[in-house]
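Chemist: The structure that follows is given in the form of structure tokens.
The values are calculated or read from the model by the stated rules, or taken from the named source; none is laboratory data. Just so it is clear, the model here is predicted, and its values are computed rather than measured. FYI the Cβ positions are ideal-geometry reconstructions off the backbone, even for glycines, and counts take in every protein chain you see. Quick note on the areas: whole protein, heavy atoms, side chains included, nothing else; ligands and nucleic acids left out. Shrake-Rupley method; radii C 1.70, N 1.55, O 1.52, S 1.80 Å.
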Amino acid sequence: MHGGGARPGGIRRAAVRVWSAVVVICAVGYLTDSHHDSDSYSEAGLPSHPTHYADGTYRFMRTQPLDPTQPVGYNPCRFIEVEINYADATPTIAADVERIARDMLQVSGLHLRYVGASQRTHLAPPSGRILVSFTRASNDTSMNDAIAGRGGSSSYTSGYPDQTLYYVGGTVTLNADTYNRSTHDQQLLILAHEFGHAVGLAHAPGAELMNADAWGYRLHHWAHGDLTGLARLGELPCR
């Protein structure tokens, strides 16, 4: 957001890299220099279960090759394990990730489960996990002061074109130079945006948290389009 404006949720460009049978899709988020005190993250207003809305907009990072109306996402009947590399991390990152994971379960049915600390800076696909880590522009040329983070996941092809594709690992990478100086509420909004990317949502227009310019809408959590997209990601068939 800044990765999945300030733009916290803003992903203005997407990069696609092919590794043999693995496709890695990432979205980069941007932050503006203007921060608003009214930007706060809250569960108030979130539906109590996955819900489809008639209004709002959403887009997916990738769709099924044989059915472009259906998204690629994680297997909703398996835990999505999350590990955190604490180098340069904020003191609240573990609690914040668990909070976003709890809300993600509520609105999508996807089970994100924190499994502990990591020393890794990247995961070799297919890892089956989402890695949360921090980096700095001095160490990562893809980061700068305008970028708060990036998120994305990878999918594998099974060799059977009639089978559903699933994500099998991803990353939420936060820019310590910008994310760590944001307010705690802004950090939560950024995390929600980036985890939206990690589970399969792309940037979308309108008053959505997944909008690249989400900061301008003074949102407090995922909006109707985001929520419909997340609900659809949780409706993929089990494997």
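Chemist: Can you pull out every residue in region 193-203 that is open to solvent by less than 10 Å² (accessible area, probe 1.4 Å) and on the phi < 0 side of the Ramachandran plot?
Modeler: Initial filter on region 193-203 (open to solvent by less than 10 Å² (accessible area, probe 1.4 Å)): 193-201.
Those that are open to solvent by less than 10 Å² (accessible area, probe 1.4 Å) and on the phi < 0 side of the Ramachandran plot: 193, 194, 195, 196, 197, 198, 199, 201.
Chemist: Still on this structure, please answer the following. All but one of (1) open to solvent by less than 20 Å² (accessible area, probe 1.4 Å); (2) closer than 23 Å to residue 136 by Cα; (3) modelled with pLDDT of 90 or more hold for residue 27; state the number of the condition that does not hold.
Modeler: Result: residue 27 passes all but (3).
Chemist: If a residue has to be open to solvent by 20 Å² or more (accessible area, probe 1.4 Å), part of a loop (DSSP other than H, G, I, E, B) and under 23 Å from residue 234 (Cα atoms) to count, how many in region 146-177 make the cut?
Modeler: 7
Chemist: I want to confirm something. Restricting to region 182-202 and keeping residues that are modelled with pLDDT of 95 or more and part of a loop (DSSP other than H, G, I, E, B), which single residue is farthest from residue 106 (Cα to Cα)?
Modeler: Here the residue is 202.
Chemist: Also, quick follow-up: Would it be correct to say that residue 135 is touching a helix residue (DSSP H, G or I) at 6+ places or on another chain (Cβ under 7 Å) and over 18 Å from residue 224 (Cα atoms)?
Modeler: Details: touching a helix residue (DSSP H, G or I) at 6+ places or on another chain (Cβ under 7 Å): yes; over 18 Å from residue 224 (Cα atoms): yes.
Spelling it out, residue 135 is indeed touching a helix residue (DSSP H, G or I) at 6+ places or on another chain (Cβ under 7 Å) and over 18 Å from residue 224 (Cα atoms).
Chemist: I've got another one for you. Residues 236, 209, 230, 219: which one is in a helix (DSSP H, G or I) and either among the hydrophobic types (A, V, I, L, M, F, W, C) or surrounded by fewer than 23 Cβ atoms within 10 Å (Cβ to Cβ) (or both)?
Modeler: Numbers: 236 fails: in a helix (DSSP H, G or I); 209 fails: in a helix (DSSP H, G or I); 219 fails: in a helix (DSSP H, G or I).
Just a single option satisfies the conditions, and that option is 230.
Yes/no per residue for (1) farther than 24 Å from residue 92 by Cα; (2) of a type in the set (Gly, Ala, Ser):
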| residue | (1), (2) |
| --- | --- |
| 150 | no, no |
| 160 | yes, no |
| 176 | no, yes |
| 183 | no, no |
| 198 | no, yes |
| 222 | no, no |
| 225 | yes, yes |
| 232 | yes, no |
| 238 | yes, no |
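Chemist: Let me ask something else. Restricting the search to region 34-62, which residues are modelled with pLDDT under 95 and polar (S, T, N, Q)?
Modeler: 34, 38, 40, 42
The rows are residues; the columns are (1) under 23 Å from residue 63 (Cβ atoms); (2) among the charged types (D, E, K, R).
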residue: 135; (1), (2): no, no
residue: 194; (1), (2): yes, yes
residue: 234; (1), (2): yes, no
residue: 239; (1), (2): yes, yes
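Chemist: Additional query: Cβ-Cβ distance below 8 Å, separation of 6 or more or different chains: which pairs start in region 88-113 with a residue that is aromatic (Phe, Trp, Tyr) and end on one that is assigned to a helix (DSSP H, G or I)?
Modeler: none
Chemist: Where in region 50-131 are there strands (runs of 3 or more DSSP E), lying fully within it, with 3 or more residues that are surrounded by 20 or more Cβ atoms within 10 Å (Cβ to Cβ) and either among the basic types (Lys, Arg) or within 18 Å of the chain's Cα centre (by Cα) (or both)?
Modeler: On the way: elements: 67-71, 80-84, 112-117.
So the answer is 80-84.
Residues checked against (1) in contact with a Phe, Trp or Tyr (Cβ under 8 Å, 6 or more places away or on another chain); (2) closer than 20 Å to residue 77 by Cβ:
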residue	(1), (2)
117	yes, no
121	no, no
124	no, no
132	no, no
141	no, no
169	no, yes
187	yes, no
